[in-house]
Amino acid sequence: MADLANPVNTLAVLKKYGFTAQKKYGQNFLIDANVLEKIISGAQITKDDCVLEIGPGIGTMTQYLAEAAGQVAAVEIDRHLLPVLADTLSPYDNVTVINEDILKVDITQIAGQYHEGRPIKVVANLPYYITTPVILKLLQCEAPIESIAVMVQKEVAQRMESGPGSKDYGSLSLAVQYYAEPEILTLVSASCFLPRPNVDSAVIRLKSCGKPPVHVQDDKFMFSLIRAAFNQRRKTLVNGLANAADLQVTKGEVSAALLKMGLPATVRGETLSLQEFAQLADLLRR
């Protein structure tokens, strides 16, 4: 089977099927074998693993995953790619293509069907337009997921990894770090894709924490606080939280809670750590 990481072979497959990359699905096909090998090694795939791949495209990374893993379940939303995948993945009997929207798929069911309910690994070249909802679904769905290794826009990867005080720090940073340990594995130039996107990418690995690194009485309330804090990040935390209708907290209550934490009333959300947001949530919830 031709290596699809070679751009000549990618173009040949696209021409054979008269397929044009669809912007609505954010289709950019990876054409660099070195990057693919870094993803497979960074995701620590072995023959004992079942991998959930999101958006296999024409099967470029799927071929590499099939060689490394025991089982691969590849979820592809675009039905026009099904005949392409049937062709490019024909040598592999350990790959199943599922024609579904990943945001609607029951990941626990996939783990049960293809790995007897044991933890699976997720690997993906994620379309930029659904990166955040997919990441949040994977982290929050309570399916048995051991780790996630995904290609995303470079700036998004930096946001996931950043800490308090950084310009990249925000609600996505805190959500990711509540559920997982993020690590950027490699940066990827736009020239590694066909068609070429407008921005560079990064591969980031999210290893499940198992248990969140902080204890909070109501994590949903904490994340409502976090969203409110970063929705108006130029405002002080007191004003930002008091202005959020769904929180139903007053400026006085926020100021009093911050005082108990030893923080000034002029503090902004971008300076608070995950631990401090958890503490603030507990104080305001009471």
Inset, instruction - Filter the range 10-22 down to residues that are assigned to a helix (DSSP H, G or I) and in contact with a helix residue (DSSP H, G or I) (Cβ under 9 Å, 6 or more places away or on another chain) and give me whichever is most open to solvent (accessible area, probe 1.4 Å). - result: Lys16
Legend entry - Output for the range 165-193, where each listed residue is under 29 Å from Ala21 (Cβ atoms), open to solvent by less than 50 Å² (accessible area, probe 1.4 Å) and in a strand (DSSP E or B): Pro182, Ile184, Thr186, Val188, Phe193
Inset, instruction - Kindly indicate whether Val216 is more than 16 Å from Thr132 (Cα to Cα) and crowded, with 16+ Cβ neighbours inside 10 Å. - result: yes
Inset, instruction - Give the residues of the range 23-59 that are touching a helix residue (DSSP H, G or I) at 6+ places or on another chain (Cβ under 8 Å) and of a type in the set (A, V, I, L, M), sorted by residue number. - result: Leu30, Ile31, Val35, Leu36, Ile39, Ile40, Ile45, Val51, Leu52, Ile54, Ile58
Inset, instruction - Working only within the range 153-164, note down all residues that are under 17 Å from Glu270 (Cβ atoms), out of contact with any strand residue (DSSP E or B) (no Cβ under 7 Å at 6 or more places or on another chain), touching a residue at least 24 places away in the same chain (Cβ under 8 Å) and in a helix (DSSP H, G or I). - result: Glu155, Gln158
Inset, instruction - Taking Gly55 as the residue in question, decide whether it is among the small types (Gly, Ala, Ser) and touching a residue at least 12 places away in the same chain (Cβ under 8 Å). - result: yes
Inset, instruction - For the range 194-209, enumerate the residues that are more than 13 Å from Asp32 (Cα to Cα), surrounded by 13 or more Cβ atoms within 10 Å (Cβ to Cβ) and among the hydrophobic types (A, V, I, L, M, F, W, C). - result: Ala202, Val203, Ile204, Leu206, Cys209
Inset, instruction - Could you tell me whether the range 35-43 includes any residue that is open to solvent by 30 Å² or more (accessible area, probe 1.4 Å) and either more than 20 Å from the chain's Cα centre (by Cα) or on the phi > 0 side of the Ramachandran plot (or both)? - result: no
Inset, instruction - Would you please list the contacts, defined by Cβ atoms under 6 Å and residues six or more apart or on different chains, that run from a residue in the range 170-189 that is over 18 Å from Glu142 (Cβ atoms) to a residue that is in a loop (DSSP other than H, G, I, E, B) and not aromatic (Phe, Trp, Tyr)? - result: Ser173/Ser162; Ser189/Asp200
Legend entry - Selection from the range 83-112 of residues that are open to solvent by 30 Å² or more (accessible area, probe 1.4 Å), touching a residue at least 40 places away in the same chain (Cβ under 8 Å) and not small (Gly, Ala, Ser): Pro83, Asp87, Pro91, Val97
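The values are calculated or read from the model by the stated rules, or taken from the named source; none is laboratory data. Every value quoted in this text rests on a predicted model; they were computed, and no experiment measured them. No Cβ is skipped: glycine too gets one built from the backbone with ideal geometry, and neighbour counts run over all protein chains shown. Just the protein is used for accessible areas: all its heavy atoms, side chains included, with ligands, DNA and RNA removed. Shrake-Rupley method; radii C 1.70, N 1.55, O 1.52, S 1.80 Å.
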